[in-house]
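Scroll down for the structure; my scribbles are underneath it.
The values are calculated or read from the model by the stated rules, or taken from the named source; none is laboratory data. Quick caveat, the model's predicted, so the values are computed rather than measured. Methodologically, a virtual Cβ is constructed for each residue, glycine included, from the backbone with ideal geometry; neighbour enumeration extends over all protein chains shown.
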Amino acid sequence: MELKISPPKNIANKKVCYNVSNGGEKCSVELGLNLELSYSKFSTNGYGFTFLQRQELEQQFFIYKYIEAGLPVPSHLIIPVYKSFTCSLKGLHDGNYPHYTNLMGYGHMCWEHKSRMEPEPRRCRRTDGKKWRLCSRSIVMVEAQSWTTRRGSNPRLESPQDQVLDMPVTPTAEIRQQQYSNGGITSLVSPNVLTALIIASWYCSNIGVLLLNKYLLSFYGYRYPIFLTMLHMLSCATYSLVAIKWLEVVPFQQIHSRKQFFKILSLSAIFCFSVVCGNTSLRYLPVSFNQAIGATTPFFTAIFAFVITCKKETAEVYLALVPVVLGIVLASNSEPLFHLFGFVMALGSTAGRALKSVVQGLLLSSDAEKLHSMNLLLYMAPMAAMILLPFTLYIEGNVAAVTVEKAKGDGFMVFLLIGNATVAYLVNLTNFLVTKHTSALTLQVLGNAKAAVAAVVSVLIFRNPVNIMGITGFAATVMGVVLYSEAKKRSKVTAH
């Protein structure tokens, strides 16, 4: 049984005829790609290419169509080209055989899985794959054979029906230009440089939002952390909508059930608690000490995982948490600007982040309910803003009117609020980009180093006092987090 391959739909087999001066007609066959087979008296079938040459051209055209569509090229299109190339190199100057044989390589002129393509009449093919060259030798024209492939002993081809290939349509020049232009900076910058820029943007956004929050809440006199958090949520909702709906950074995912909606709503409540506590703590604590407390997130994650899901870690993992706790105790006792309420708020923020990660893995565990991080932010941000609205009105009073009144007298505050809200969204965007261009493990390692970098930068900018015991405690906490990450990784490898 032969495997018949139908040409693509956009290959026109029609003849286009033109009137010539002698009263006759000159016809050509359109193949697409601005190619056509003109009439020639040297060909055996009335066209500029012989029958086998046209079969070869169509085969190469099929391969091009697959490459243009980004699809894997089938082996039955690649193997004849490979056979022809190897056979041509070995037997090009072999006097025992003619220079070229049939297309598929199993004719009577080239055995042992060899294949040679037939050139134009009175022309020889160059071995470097470029244009034809004139050849004075007589070329033996072989008889035309149909374009088929042998079934042999391959059971995959033992089908009672012919298989027809549905070839994809070649993209137009406008579509290819649009695809190239959509590449943006990726078409101008090397991948390594692009990854370095993304990591630098991640560091700048994470540290920048901390410094801006600290400046607004402590030094600038804007003492409304709940309203500031609500502005962050509104900014994240707006930018996420633009990034997903219009820019199509990631595919849009919908909420499929009321149950999934309430799960996301519960995550939004935990997210609100964590962010509000974190912003409130920055009003009373320096950024360096706030980051030292935030580094204890693995400790709270292990506790919540054990309490909620009864998940037990290995002894090595629990031992790695010891320097995390000891380091934060040491740093707390030696912090010159220690504030109890700020310390409690920082612990609440850290515990909220850990609780959110555990609950998120528990609630959105099924494949049908899993959402991409950018889509999850798109749904959580407006929910969080609605949750924070009554709290900011009850606790902080008429904060919107106060903000508008201050903005009229000081335009710089508007710039600070808009910039702060924008950087808050960039934190989430760069988290996604770093994970996309590197890995989740790389993001975790960068997070461990980010706490130390943020602490150093805050000390240089705000000049808050530090001592040796505080530095030692902070270093012990960060080292414990690194040991915890390594222990978790080894435990996963052992489990598998």
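Quick notes on this one:
- Taken over segment 236-262, the residue count meeting the criterion of being more than 27 Å from V344 (Cα to Cα) and either in a helix (DSSP H, G or I) or over 26 Å from the mean Cα position of the chain (by Cα) (or both) is 16.
- The set of residues in segment 241-267 being closer than 14 Å to L371 by Cα and polar (S, T, N, Q) consists of Q253, Q254, S257, Q260.
One line per residue, one yes/no per condition, for (1) touching a Phe, Trp or Tyr at 6+ places or on another chain (Cβ under 8 Å); (2) under 18 Å from G278 (Cβ atoms):
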site: L330; (1), (2): no, no
site: G352; (1), (2): yes, yes
site: S357; (1), (2): no, yes
site: L364; (1), (2): no, no
site: L371; (1), (2): yes, no
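- In segment 300-351, the residues that are among the hydroxyl-bearing types (S, T, Y) and in a helix (DSSP H, G or I): T301, T309, Y318, S332, S349, T350
- Residue satisfying all of: in segment 306-321; within 32 Å of the chain's Cα centre (by Cα) and either surrounded by fewer than 19 Cβ atoms within 10 Å (Cβ to Cβ) or of a type outside the set (A, V, I, L, M, F, W, C) (or both); nearest to L483 (Cα to Cα) among these: E313
- Hits in segment 240-272 (condition: in contact with a Ser or Thr (Cβ under 8 Å, 6 or more places away or on another chain) and either among the charged types (D, E, K, R) or at pLDDT 95 or above (or both)): none
Yes/no matrix, rows are residues, columns are (1) without any contact (Cβ under 8 Å) to a residue 60 or more places away in the chain; (2) of a type in the set (S, T, Y); (3) crowded, with 17+ Cβ neighbours inside 10 Å:
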| residue | (1), (2), (3) |
| --- | --- |
| V358 | yes, no, yes |
| L377 | no, no, yes |
| P382 | no, no, yes |
| N398 | yes, no, no |
| G409 | yes, no, no |
| F412 | yes, no, no |
| L433 | no, no, yes |
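- Screening Y425 on (1) modelled with pLDDT of 90 or more; (2) over 15 Å from W202 (Cβ atoms) shows it passes everything except condition (2).
- Just one of the numbered conditions (1) more than 29 Å from the chain's Cα centre (by Cα); (2) exposed (fewer than 14 other Cβ atoms within 10 Å of the Cβ); (3) under 24 Å from W202 (Cβ atoms) is not true of A475: (2).
- Which listed residue is at pLDDT 90 or above and more than 36 Å from the chain's Cα centre (by Cα), from I395, I418: I395
- Residue selection: T229 satisfies the criterion of being more than 25 Å from the chain's Cα centre (by Cα), assigned to a helix (DSSP H, G or I), among the hydroxyl-bearing types (S, T, Y) and more than 18 Å from Q360 (Cβ to Cβ).
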